[in-house]
1. Compute the Cα gyration tensor for region 320-385, then decide on rounded, prolate or oblate, letting a ≥ b ≥ c be the square roots of its eigenvalues: rounded whenever a/c is under 1.5, prolate when a/b is larger than b/c in the other cases, and oblate in all that remain.
2. Along Cα→Cβ, 7 Å out, is where each label goes; now give me the distance between the ones at Trp373 and Lys339 in nm to one decimal.
3. Assuming a ≥ b ≥ c are the square roots of the Cα gyration tensor eigenvalues, decide whether region 438-496 counts as rounded (a/c under 1.5), prolate (otherwise, with a/b larger than b/c) or oblate.
4. Give the order of Lys72, Lys178 when sorted by the count of other beta carbons within 10 angstrom, beginning with the fewest.
5. Working out 0.36 nm times the residue gap between Glu517 and Asp483, then minus their Cα-Cα distance, what length gain in nm do you get to one decimal?
6. Can you tell me the FRET efficiency between Ser349 and Gln176 if r is taken as the Cβ-Cβ distance and R0 is 35 Å, rounded to the nearest 0.05?
7. Rounded to the nearest 0.05, what FRET efficiency is calculated for Asp184 and Leu304 with R0 set to 41 Å and r the Cβ-Cβ distance?
8. For a footprinting-style exposure proxy, rank Val159, Val358, Val85 by other Cβ within 10 Å, fewest first.
Amino acid sequence: MHTEIGGHKQGGAVDVSTRDLVVPEGGPLPESSRSSKRTAVYLQDDCLKHRYIRSKDTSGIVERPERLRAVKVGLSAAIAHAGEVSAKHTARRNDGTTGEITSTEADTLVSALERMNIGQAQDQQLWPSSVTFYRTAAKVDLLNHPAVKYVHGDVDGDVYLENLTAWARNSQENIQKKGLEIPDGIPPLDLYLCPTSIDAIQGAVGAVCEAVDNVLTSDAHSHPEGGSKGCERAFVAIRPPGHHCGEDTPSGFCFVNNVVIGAAHAHLKHNIKRVIILDIDLHHGNGTQSLAWQINEETYLKSLESEGSQNNVPPTQSGLQIYYGSLHDILSYPCEDGKLHMVQAASTSIHGPHGQHVENIHLQQYDSSEHFWGTLYPKYLNLIHRAKDFLDRTGGPGDDVLIFISCGFDACEHEYPSMSRHGRRVPVSFYHRFTRDTRSLADQYARGRLVSVLEGGYSDKALISGAMAHVCGLVELEGEDRDWVDQEWWNTENISKLEKVIKVRKGLRPSVPSAPEDWLSRTVEILATLDPKPTSSPASSCSSRAPPTVRTLRKRKKDPGGTPSDSGSMTLSGSTKNTPSSVLEGSSGGYSPRPETETKIEDSSTQRTAFVASASSRKKLPRVILHVRPPAT
């Protein structure tokens, strides 16, 4: 089903606002009650267009399109479990039973589905009503979007943005001429481009801006019945990541800073004045901290100028203030080489002086679950405590507050050992617990408004388990006044089952073991609706190259006292600095990722199907398919 949400463009924030709503078979999801916070998940297929084309050998490339498929598996498993819990809650509420679905109940449910009319309200518990998936086509024009120019533009012209567009456009030609598409002075070992990389970058930023719009205008999309098409929480599954990118310094797989652009968009379009960014990637978000420092510095200087003016005239418009809190491994990139300015920046703790609000906490090794939750996690929560202090000092709860999570999963216990070599990890349940604690912060100070954006995470297991736990932490089920999650869902055995299920033989749908568990069957069905056919080889040119127009710029001051811009290369070891630029192979300090596997996924998006949880392993529910056009043969 192809759905236009709201029937209009999102205030010019995106060039394309048409979104494909992934709905359950039988019609649109009913709106959740106002008592339950709603969660939206955004998927942007253009993000698959960012590919490594320097050589056919991609065995050393960890930031790859397949990352998003692993995330979708985790999302599918989370929703499969949520649907089961929601169905059991409905059974308890209606019948006063334990919620276990018996064979008789399954027969009744099957009969009801066979008689089902699209959109009937009584079918709402077949899918958690507080969760919506969007396959968005939103994108921005890097050279014209106000928030992008606010973050990455320059008073002397959009030099970096124009260069980035040209690097991608000319990537194939430059590889043929000199074997490298990345210009001198930019680390080639952790950055790559292809002609359609700009499509991926613009789509990633567009998805973030659309999520911000939806979260901040959720009350505006009201219905006569009192419902809403908006959401209070959003998870944006995009790539390439962004938190290492400064104003004009791409590094660490990052070319633009997705989260800071989202914050700027919230400020410029929705008058958000205070932003919280909680970064839980394994690596310090040096780009985000540097940009936050610059923005805070400008706001602080404006306030000083106002206080020192003869008439003490307040600024015509108060500036944006950002609190940046990061939990990371101080031994990993960008600090692994021990450079003074990098380690100092990643260890900064400043709260108020010079208008700066930064907290950095270093991950530590843990030797048991009790050690992690009893000793380390309370320390890690200082990120949130410091955020509360910032908000209390600047006015307390308010409509001008928005909270972001820079959500990397590479600190997960299941990450590649080559990516996380220093033992600074977190258990999978961290992503559930920290998300719930951030939800509480948002509920207390920001009317529940929270936007999470994917950063790092590279192994399938880390991405599957982390995404599942994170979304389970975001989702609030109607009628459940307790934590509805069973943490055994992401134990090692179940994650291994998910890994096996998602293996796709060429030309076939995902294979499912005979008599699989209910949640596994539902996961496969859900995944089939979320995962599009893989993108073909990149096109030869960039799809959008608009000339510069009117700028929305801040004053620039190079190399502020925040994070210096020269971040080096995300090689994770000085021993790889002279490695040939094609790939890292066999280097002791490089990556040792799994090779990229060739897969062919049968396209389900042409039918725009959705799904329902099976009522019983002994009774298969009928499958309802909405045909928009004849399915592909």
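What follows is calculated from the coordinates using simple rules that are stated; it is not laboratory data. In this text the structure is predicted, and so the values were computed from the model without any measurement. Positions of Cβ are generated from backbone atoms using ideal geometry, with glycine treated the same way; all protein chains shown enter the neighbour counts.
1. Oblate is the answer for region 320-385, as a/c is 1.5 or above yet b/c matches or exceeds a/b.
2. 4.0
3. Oblate, since a/c reaches 1.5 and b/c is not below a/b.
4. Arranged by neighbour count, lowest to highest, Lys72, Lys178 become Lys178, Lys72.
5. The span from Glu517 to Asp483 would gain 10.0 nm if fully extended.
6. E(calc), rounded to 0.05, equals 0.10.
7. 0.55
8. Placing the least packed residue first, the sequence is Val159, Val85, Val358.
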